[in-house]
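Novice: The following block contains the structure, expressed as structure tokens.
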Amino acid sequence: MRLRDILSFSIRAATANRGRVLLMLLAMAIGVGSVVVFISLGDSARNYVIDQFSSLGTDLLIVLPGRSETTGGPPPLLGETPRDLTLDDAMALSRARTVRRMAPIIAGSAPISVQGLEREMLVLGSSSELFAIRHLALSQGSFLPPGDLSRAESVCVIGLKGKKELFGSGPAIGRWLRIGDRRFRVIGILSSPGVSLGEDLGEIVIIPVAAAQSLFNASSLFRILVEAKNSAVIEPTRQAILEIIRQRHEGEDDITVITQDAVLTTFNRIFQALTLSVTGIAAISLVVAGIMIMNVMLVAVSNRRAEIGLLKAIGASRGQILGLFLAESTLLSTVGAAIGLVVALLGIRLAGILFPQFPLQLAPWSPAIAIAVALISGIAFGVLPAHRAANLEPALALARR
Amino acid sequence: MIQLRHIERVFMVGEEEVHALRDVSITAEAGEYIAIMGPSGSGKSSLLNILGLLDRPDSGAYELDGTLVSNLDEKQQAAIRMHKIGFVFQFFHLVPRLSAFDNVALPLVLSGVKPDERQTRVSTALAAFGLGNRARHRPDQLSGGQRQRVAIARATIMQPSVILADEPTGNLDRSSGIEVAEILEELNHQGMTLIMVTHDPDMGKRSRRQILMVDGRVEGGKGEDRSP
């Protein structure tokens, strides 16, 4: 039998029973559509997070005090706390060959007041290099001046939202505000109001790191941000940082260096697992659709007993009957999958219009997966009905009308 | 030529064994016109199913045109049904969703004949059976006689050597019944062996030879009986 004849026979047989076939197509479309949407959702979320991280610069290394992993061995006899990271440590790091920029960070919350108005805000002690490392932008004024990190100049840069709350719509540059018991002159206002890595940049006050040390009465740094010269030297930079700190800390490895890479890999893994699990849930609906195909085909076989008997009588072999019914179920599942794909594309387009801030995109390989799964289920669930048809005794099938 | 030798067919109906055919031996020369007659349940249809390779005998041998077809496998038997045997049924068994043309073309489609060749062969056949203007009609738009003519066109489109007809006029009024019988007889004149199951004595009388079945046995017959 020719392929075209098989197809046209199957199409006519399938379309002869409209209601049931439409129902089945709907089930298959929902199954395929939800698989495509869920895969795309997971994939887009992953891309979104990775984008957010990448906007920080992929050459970034974060140095934290204390070790995050245990190295084994007996615990120290006397309680040993990790050594603090100091400003001197930070300045030593900037001397490493592969380090382009370095910004020490002290973070804390403090009451900020301007003429009786008081707000609790995040105070970040850092250096002029933070501006470039964190890709900040200013709407007015200038950032912290470069120079000796140990100088506690009384200047500050303030987030846009904080500025509005403290100074209203009036000018803020050059005016003074009070943090704790010290006074700072506003020299710049950040422009980006967004959230970066969980820190609200709108309500933040950035002051020189030495000023923060005396403000919080602490010499230890919260962390040190290091930007490598390029992404190829991240690992040498990490080794250099560990080496420098080990020398300064009397041979102790008591810091943790997080690379952007490691964070990205972890997030990648989390989101892949997440995507897989939601896809698995959606795939259940594909199985349901497959069972519906089986049902439709079983009913078709019992409704068309006489036809099958006749086909055998005029010379169709078992194999041909098997092929005809498998072609029919495969055809149905393919059409259902195609409809599902179109629905998924429209849904993703619609979501893009409704929620423009979340960039939902069709995962490039999801249509291929959906179509493959639809074909496999169409064939797998079509086998039993097709077998039943092929094994019908022609004499019995023709005996009744 | 058809040769059946000592055909036995037993069905299990519940716990009970039913002998549909007992030691049936029949020989039919090419081009014969035979009516198989007998009361219902006498094994006429079982015999026709064996002859048409729609059913396998439990024992015995069936030779068709010199080939021992009862020993062939399923696929080979399907090929024999396609090329050597044409079926005509009481209830026509046309595929309801297909037009007259497509119903007649079905055996050609199954055997993989090219569409343009199909077109000419089917059109010729439909014209020959007086259905030239009914090609695009579906079975439910045709009269009983027309449906049976479509079925006969389908049965003969592959130029079989044997036509097996199971009560071909049983579902038709008298005049279309006679018309259908005349068409079948005309095909017989052209050389096809015609074996017809009927319990209508008038139809039986038209044949040159009758085989009477009673209780699964060949009880006798009239005409040119050359069976052993």
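Bear in mind that the values in this text are calculations on the coordinates, not laboratory data. On a predicted model such as this, the values are computed, not experimentally measured, just so you know. Every residue, glycine among them, receives a Cβ derived from its backbone with ideal geometry; neighbour counts consider all protein chains shown.
Novice: Would you pull out the residues with amide H under 5 Å of A:L190's amide H, same chain only if 5 or more places away, H placed 1.01 Å from N?
Specialist: A:S139, A:I158, A:G159, A:L160
Novice: With springs only between Cα atoms under 10 Å, which of B:A127, B:A28, B:A153 fluctuates most in a Gaussian network model of chain B?
Specialist: For chain B, modelled as a Gaussian network with Cα springs under 10 Å, the answer is B:A127.
Novice: Within 10 Å of each residue's Cβ, count the other Cβ atoms and sort B:F129, B:F89, A:F358, A:F325 from fewest upward. Please report the intermediate quantities before stating the final value.
Specialist: Numbers: B:F129 20, B:F89 23, A:F358 12, A:F325 26.
So the residues, fewest neighbours to most, are A:F358, B:F129, B:F89, A:F325.
Novice: Once the Cα atoms of helix B:100-110 and of chain B are each reduced to a long axis, what angle between those two axes, in degrees from 0 to 90 to the nearest 10, is obtained?
Specialist: 60 degrees
Novice: For the range A:83-253, give the magnitude of the charge dipole about the Cα centre (Cβ charges: +1 Lys/Arg, -1 Asp/Glu; no others), in debye to the nearest 20.
Specialist: The calculation lands at about 540 debye.
Novice: Still on this structure, I have one more. When chain A is modelled as a GNM with alpha-carbon springs shorter than 10 Å, which of A:V383, A:V157, A:V35 fluctuates the most?
Specialist: Of A:V383, A:V157, A:V35, the most mobile in the Gaussian network model is A:V383.
Novice: Share of antiparallel DSSP beta bridges in the protein assembly as shown, in percent to the nearest 5? Present the calculation step by step, with values, prior to reporting the outcome.
Specialist: Values: 59 of 85 bridges.
Here the antiparallel bridges make up roughly 70 percent for the protein assembly as shown.
Novice: Among the listed pairs A:K163/A:K229; B:K84/B:K114; B:K75/B:K114, which are separated by more than 26 Å between their Cα atoms?
Specialist: On the way: A:K163/A:K229 34 Å; B:K84/B:K114 20 Å; B:K75/B:K114 22 Å.
Over 26 Å apart, Cα to Cα: A:K163/A:K229.
Novice: In straight Cα distance, which aspartates and glutamates are under 17 Å from A:K164, not counting same-chain residues fewer than 8 positions off?
Specialist: In chain and number order, the partners are A:E118, A:E120, A:D200, A:E203.
Novice: Next question, about the same structure. With a cut-off of at most 12 other beta carbons within 10 Å, and DSSP calling the residue loop, which trypsin sites (Lys or Arg not before Pro) in the range A:150-243 qualify? Please list them.
Specialist: A:R151
Novice: Next question. Amide H neighbours of B:L54 under 5 Å, at least 5 residues apart or on other chains, H built in the peptide plane: list them.
Specialist: Result for B:L54 returns nothing.
Novice: Next up: Which angle between 0 and 90 degrees, to the nearest 10, do you get for helix A:3-15 versus the longest principal axis of chain A when only C-alpha atoms count?
Specialist: Between helix and principal axis, roughly 90 degrees.
Novice: Looking at chain B as a GNM with Cα springs under 10 Å, which of B:M192, B:M12, B:M213 has the largest mean-square fluctuation?
Specialist: Comparing B:M192, B:M12, B:M213 in a Gaussian network model of chain B, the most mobile one is B:M12.
Novice: A further question follows. If you wrap a convex hull around the Cα atoms of the range B:1-157, how much volume per residue is inside, in Å³?
Specialist: In the range B:1-157, the Cα hull volume divided by residue count equals 147 Å³.
Novice: For the range A:301-401, what does the relative contact order come out to in percent, with C-alpha contacts under 8 Å and a separation of six or more?
Specialist: 57 percent
Novice: What is the calculated FRET efficiency for A:S169 to A:N17, with r their C-beta to C-beta distance and R₀ = 56 Å, to the nearest 0.05?
Specialist: 0.20
Novice: Once Lys and Arg get +1 and Asp and Glu get -1 on their Cβ, which of A:G168, A:I206, A:I112 lies farthest toward the positive end of the dipole of the range A:83-253?
Specialist: A:G168
Novice: If you don't mind, another one. Which value, in Å to one decimal place, does the Kirkwood hydrodynamic radius take for the protein assembly as shown when every pair of different Cα atoms is included?
Specialist: Kirkwood hydrodynamic radius for the protein assembly as shown: 32.2 Å.
Novice: Just report the Cα centroid separation between the range A:89-167 and the range A:225-294, whole Å.
Specialist: 28 Å
Novice: Return one number: the angle in degrees, 0 to 90 and rounded to the nearest 10, between the long axis of the Cα atoms of helix A:366-390 and the longest principal axis of the Cα atoms of chain A.
Specialist: 20 degrees
Novice: Within 10 Å of each residue's Cβ, count the other Cβ atoms and sort B:D215, B:D55 from fewest upward.
Specialist: In order of increasing Cβ crowding within 10 Å: B:D215, B:D55.
Novice: Could you work out the helix-only [θ] at 222 nm for chain A, with each DSSP H run of four or more residues adding -39,500 (n - 2.57) and the total divided by the number of residues, to the nearest 500 deg cm²/dmol?
Specialist: -18000 deg cm²/dmol
Novice: Once you charge only the Cβ atoms, +1 for Lys and Arg and -1 for Asp and Glu, what is the size of the charge dipole of chain B about its Cα centre, to the nearest 20 debye?
Specialist: 820 debye
Novice: The range B:99-197: which trypsin sites (Lys or Arg not before Pro) are DSSP loop and have at most 15 other beta-carbon atoms within 10 angstrom?
Specialist: Those satisfying the criteria are B:R136.
Novice: Name the longest site-free stretch of chain B, where the excluded sites are GluC sites (Glu not before Pro) in a DSSP loop with no more than 16 other beta-carbon atoms within 10 Å.
Specialist: Between the exposed loop sites, the longest stretch runs B:30-223.
Novice: Additional query: Positive end of the dipole of chain A, charges at C-beta (+1 Lys, Arg; -1 Asp, Glu), about the Cα centre: which of A:L331, A:I376, A:V343 has its Cα farthest in that direction?
Specialist: A:L331
Novice: A:Q52 to A:A380: FRET efficiency via 1/(1 + (r/R0)^6), r the Cβ-Cβ distance, R0 41 Å, to the nearest 0.05?
Specialist: Given R0 = 41 Å and the Cβ-Cβ separation, E is 0.50.
Novice: 222 nm [θ] for chain B, helices only, -39500 (n - 2.57) per DSSP H run of 4+, per residue, to 500?
Specialist: -10500 deg cm²/dmol
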